[in-house]
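All remarks here apply to the structure that follows.
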Amino acid sequence: MLLKISDLSARVAGKDILKGVNLEVRAGEVHAIMGPNGSGKSTLAQVLAGREDYEVTGGTVTFEGSDLLMLPAEERARAGLFLGFQYPVEIPGVNNVYLLKAALNAKRKAAGEPEVDAYEFLTLIRQKMKFMQMNESFLTRGVNEGFSGGEKKRNEVLQMLVLEPKLAILDETDSGLDIDALKVVSAGVNSLRDPTRAVVLVTHYQRLLDYIVPDRVHVLSGGRILKSGDKSLALELEARGYDGVLGAQVA
Amino acid sequence: MTRTLQTSAHVSSAALRSFEAQWRTRAADSLSPVREQAMLRFLELGLPTTHDETWRYTNLRTLTGHSFIDAPRKTRGEIEPNASLSLLDAKERAATLLMVNGYPTLPGVDTILNGIEINTIRESSRLDPKFMRRYLEPLSDADQKRWVLLNTALFVDGLYLKITTQVATPLVILHVATGDGLDNVAYPRVIIEAAPGSKATIIEHHVAQGEHTPLNNSNTLLALRQDSQLEHYRVYATGPGATHLDSLEIRQDQGSRCKQFTIVLGGGLVRTGLEAHLGQPGATLDSYSLLVGHEDRHVDCVNTVTHGARDTHSSQTARAIASDASRVIFNSKVIVDAGAEHSQSQQSSRGLLLSPNAEIDTRPQLEIHADEVKCAHGATIGRLDPDMLFYMLSRGLDRDAAQSLLVYAFLADVLTDMSVASARASIENALITQLPDAQILRKFR
């Protein structure tokens, strides 16, 4: 089991948001977590990535068998967990490429590998940028500085492709994308699919799942996973809405 | 020769008595009338206290009990080679002029160097005392500037530079402060005149050598004639024991453009004054302050920019960081005189607190006596953005490295506007050394 979440509860700014989440993700799988606004989807993603101001009040999370909640955010990242942000932050003055290189080197160092060669790194990043159809100017700009919503999401996926995480949690990476960008982002995610990795997609819309076909679909509502199923659950949600599918279970 | 001074002022402290004693040892020179006036006014006013509006944040009480004597005169040969480390590579600078404790050590008098005439103030005023006095007499309200008055009264010699053409390579003035015991005082004085249509870059770099750093009371005047352009840097890199009280005066004529960088990287107590007068239409001043406080340092920066004519422009950009138990103050004031219509000014001040024991104070002020002007100001003080920090941690960066990068990014606004690439690189380097996790930051550059 790559990720095992048992009875996870968490609180943000004094308010209980997660109220007993259970989820198991095996290597090679793609899971989609759907749910109405305010159901706790983004909180789950941030708690897994290690955001400190989100207080875990109960439950356990193991990542490859060890306690994930014990680790600070940076060590989770180095262990192979990646969060694609719903709202990637702009950091003017810190270059995109420098950040990415530092991130890759931090991961390599933790794995006992040597630092990446500068030329090799640039070749790698250019290749991934081409795949993500990103503009050359990206190389010289500050992290997400002045990027459009779509560019920021492409950048998240680019970082994921360079870092090759074992588990990628993508928080509404599809929101704000036009159809062409959605295809590019989906192709990026699909290129990472392999038997050793897993992806958790947090999304509002079934649309993304036409391009990235999930193995499992979960509905998170009121801080709990109320229903799980295969990809047909997403289609059912699209047709009948959360109320229709969950009925009286909705909090 | 002993000189007398007719003053009714009650000379109350040991420090004032010692300054008066220094005056008595000075030989009369062609500048004596101006100097005597300054000395009398200084003794009347005494040392500034925290009751003085612009000295509210800096207490100089500890100075009053000391008896100051002149810092020693030293020759070029007595200065250790490493003290002449310049901010610029040899091939990138026109020359380095050395001033030790305020005494210029020139290769010879009347030197002309790639379009910059270099002379001592003493020699220039001997040749034309009237001309030089104009540069020493204070601007209208400047007779409250006590340290300037004291410098005017007591500086023995200084540098007078006249830029006559468009000079491509920067000139460095290396100020070395080096005492032979406690209670030394130095009075460096520099006058830089940019002739009409001329253009140059001048870097004043303050360093210290040895165990005892004199009290440094320095003063620089920039006079920009019509359509001249001057980029001026003053960089403070003295040790934690140094007290430095510096004043910069800028006088600008029609169409002149001045870009001024004040960079405080060192010193124990550093007070920098900037007083600019945009006296004729079309004059433009862009001033930048980069203030770094750490340990128990005290940095106090006071700017006053007066728009004295129509269509004048000014901007002031300040970035301050304070860590440990340091204190950084940045106060700026823009005055738009009556008749200075269509003037524009901007004040942007941002502070970053890195420790709960550090303090930053900032206050932009505006005083407008004209119509149809555009004046904007903004000031913020905050801590590192937790969202930015989390984003970097979530990518696997060390917390220290992430923090250092964010601090560095915060200061970048000032750095990117420096035109001299090698000066920028040296300043960046010096800056990085002061930030936590310097090694990691170096890798990023």
Seminar exercise, completed: Using alpha-carbon coordinates alone, the radius of gyration and Dmax of the range A:3-249 in Å work out to 17.9, 58
Problem set entry | Radius, Kirkwood style, for the range B:323-445 when every pair of distinct Cα atoms is counted (Å) | 16.9
Problem set entry | Mean ellipticity per residue at 222 nm, deg cm²/dmol - from DSSP H runs of n ≥ 4 across chain B, formula -39500 (n - 2.57) | -6500 deg cm²/dmol
Exercise. For the range B:119-255, taking Cα atoms only, what is the radius of gyration to one decimal and the Dmax to the nearest whole Å?
Worked result: 15.4, 47
For this session: Can you check what the net charge comes to around B:ASP29, using other residues whose Cβ is under 10 Å from the Cβ of B:ASP29 (Lys, Arg +1; Asp, Glu -1)?
Result: +3
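If the viscosity is 1.002 mPa s and the temperature 20 °C, what translational diffusion coefficient in µm²/s does Stokes-Einstein give for the protein assembly as shown when Rh comes from Kirkwood over Cα pairs?
75
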Seminar exercise, completed: Which of A:ILE91, A:ILE33, A:ILE169 fluctuates most in a GNM of chain A (C-alpha springs under 10 Å)? That residue is A:ILE91
Problem set entry | Folded to 0 to 90 degrees: helix B:399-415 orientation relative to chain B principal axis, Cα | 50
Problem set entry | Local electrostatic count, A:ILE179, Cβ distance below 15 Å [Lys/Arg +1, Asp/Glu -1] | 0
Exercise. Which pairs, out of B:LYS199/B:LYS374; A:LYS128/A:LYS231; A:LYS19/A:LYS183; A:LYS15/A:LYS109; A:LYS109/A:LYS227; B:LYS130/B:LYS199, put more than 31 Å between their alpha-carbon atoms?
Worked result: A:LYS19/A:LYS183; A:LYS15/A:LYS109; A:LYS109/A:LYS227
Problem set entry | Long-range amide H partners of A:VAL94 with built H, under 5 Å | A:VAL143
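What translational diffusion coefficient, in µm²/s and rounded to a whole number, does the Stokes-Einstein relation yield for the range B:14-278 at 10 °C and a viscosity of 1.306 mPa s, taking the hydrodynamic radius as the Kirkwood radius over Cα pairs?
85
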For this session: List the residues whose amide H sits under 5 Å from the amide H of A:LEU83, counting only those 5 or more places along or on another chain, with H placed 1.01 Å from N in the peptide plane.
Result: A:ILE169
Seminar exercise, completed: Within the under-14-Å Cβ sphere about B:ALA338, not counting B:ALA338, Lys/Arg +1 and Asp/Glu -1 give a net charge of -4
Exercise. Counting only other chains, what is the mean number of Cβ atoms within 10 angstrom of the Cβ of each residue in peptide B:395-406?
Worked result: 6
For this session: Return the long-range amide H neighbours of B:LEU113 (sequence gap of 5 or more, or a different chain), with a cut-off of under 5 Å between placed amide H atoms.
Result: B:ILE118
Seminar exercise, completed: Counting only DSSP beta bridges fully inside the range A:72-227, the antiparallel percentage to nearest 5 is 35
Problem set entry | Principal-axis tilt of helix B:14-25 within chain B, Cα atoms, nearest 10 degrees | 50
For this session: Would you mind checking the tilt of helix A:149-163 against the longest principal axis of the Cα atoms of chain A, expressed as 0 to 90 degrees and rounded to 10?
Result: 80
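Every read-out reported here was derived from the displayed coordinates using simple, explicitly stated rules and does not represent laboratory data. Keep in mind it's a predicted model, so treat the numbers as computed, not measured. Ideal geometry is used to build each Cβ from the backbone, glycine not excepted, and the neighbour counts take in all protein chains shown.
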